[in-house]
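One structure is given here, and the rest of the page talks about it.
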Amino acid sequence: AIEERFQVDVFLGDLSFETSYSLPGEARPARIRVDVSLDWPTWSQTAYRSLLIGDEVEELPEVLVELAIRVQELREIPDAGVLLAVLPEELEVLGEPLRRSVPTIEQVLARGEKGPVCAVEVSYEGSSALEETTLEDPARLEQSLAPLGRMLASILVRVTDLPFAFRAADTAP
């Protein structure tokens, strides 16, 4: 299942694209998902336009990347070590490595529930420089992003195989 959002900061001009991926057949909300955020800051857009008109730029345009692997609808506070064991420290799929953050554990005590609703999330952050050859031929952008899609699918499969204790589907708040 896929959800997509495109946002524009009308005051600063930054553009962002967000999408969420889960495996086919997942309930809504998906118990295991990967959220992808791509931000294109104003300075990077300006550098891109300068390159298009033939000007020299000090820095190549870049896209800021954040990937968040989230496991939710858990019956109990999870052992984050189980998730960290299948996730590498760095992801090297877009040039510069994306670095893993520390895990975040969420616990919600909902009124009328027979226990907490928990989640664990691990993020990767970094940036990806847009090479001049890619900017000259935007069709190459798809080729440079293809490894990211394969890596996300692999992560979803590995995380799905982990022994997390999920809440029954009909008890989700």
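From the list VAL57, VAL65, VAL93, exactly one residue is at pLDDT below 90 and closer than 13 Å to SER128 by Cβ. Which is it?
Answer to the selection: VAL93.
Does at least one position in segment 157-164 carry a residue that is part of a helix (DSSP H, G or I), β-branched (Val, Ile, Thr), modelled with pLDDT under 80 and out of contact with any strand residue (DSSP E or B) (no Cβ under 7 Å at 6 or more places or on another chain)?
Taking segment 157-164 first, the residues part of a helix (DSSP H, G or I) are 157-160.
Going one step further and asking which of them are β-branched (Val, Ile, Thr), we end up with 157, 159-160.
After this cut, where a residue has to be modelled with pLDDT under 80 as well, the list is none.
Scanning segment 157-164, I find no residue that is part of a helix (DSSP H, G or I), β-branched (Val, Ile, Thr), modelled with pLDDT under 80 and out of contact with any strand residue (DSSP E or B) (no Cβ under 7 Å at 6 or more places or on another chain), so the answer is no.
When the residues of segment 58-97 are narrowed to those that are closer than 30 Å to ASP9 by Cβ and loosely packed, with under 14 Cβ neighbours inside 10 Å, which ends up farthest from the chain's Cα centre (by Cα)?
Here the answer is GLU58.
Determine if segment 23-36 includes at least one residue that is touching a residue at least 12 places away in the same chain (Cβ under 8 Å), under 30 Å from CYS118 (Cβ atoms), out of contact with any Ser or Thr (no Cβ under 7 Å at 6 or more places or on another chain) and of a type in the set (Gly, Ala, Ser).
yes
Please specify each residue of segment 99-123 satisfying the condition of being under 18 Å from ARG33 (Cα atoms), of a type outside the set (Asp, Glu) and not in a loop (DSSP other than H, G, I, E, B). So that I can check it myself, show each step before the final result.
Restricting attention to segment 99-123, the residues satisfying the condition of being under 18 Å from ARG33 (Cα atoms) are 100-107, 117-123.
Subsequent filtering for residues that are of a type outside the set (Asp, Glu) retains 100-105, 107, 117-120, 122-123.
Across segment 99-123, the qualifying residues are ARG100, THR104, ILE105, GLN107, VAL117, CYS118, ALA119, VAL120, VAL122, SER123.
Given (1) in contact with an Asp or Glu (Cβ under 8 Å, 6 or more places away or on another chain); (2) more than 21 Å from ILE155 (Cα to Cα); (3) surrounded by fewer than 15 Cβ atoms within 10 Å (Cβ to Cβ); (4) not small (Gly, Ala, Ser), identify the lone condition not met by ASP9.
It fails just one condition, (1).
Select from segment 44-70 the residues that are in a loop (DSSP other than H, G, I, E, B), touching a Leu at 6+ places or on another chain (Cβ under 8 Å) and touching a residue at least 12 places away in the same chain (Cβ under 8 Å) and list them in ascending order.
The initial filter retains those residues of segment 44-70 that are in a loop (DSSP other than H, G, I, E, B), namely 53-61.
From what's left, touching a Leu at 6+ places or on another chain (Cβ under 8 Å): 57, 60-61.
Matches in segment 44-70: LEU60, PRO61.
Of all residues in segment 1-21, count the ones that are modelled with pLDDT under 90, part of a loop (DSSP other than H, G, I, E, B) and within 18 Å of VAL65 (Cβ to Cβ).
Summing the residues that are modelled with pLDDT under 90, part of a loop (DSSP other than H, G, I, E, B) and within 18 Å of VAL65 (Cβ to Cβ) in segment 1-21 gives 0.
Being touching a residue at least 12 places away in the same chain (Cβ under 8 Å), surrounded by 14 or more Cβ atoms within 10 Å (Cβ to Cβ) and part of a helix (DSSP H, G or I) is the filter here; which residues of segment 128-144 pass it?
Selection gives LEU135, SER144.
The values are calculated or read from the model by the stated rules, or taken from the named source; none is laboratory data. Not measured: the values here are computed from a predicted model. Methodologically, a virtual Cβ is constructed for each residue, glycine included, from the backbone with ideal geometry; neighbour enumeration extends over all protein chains shown.
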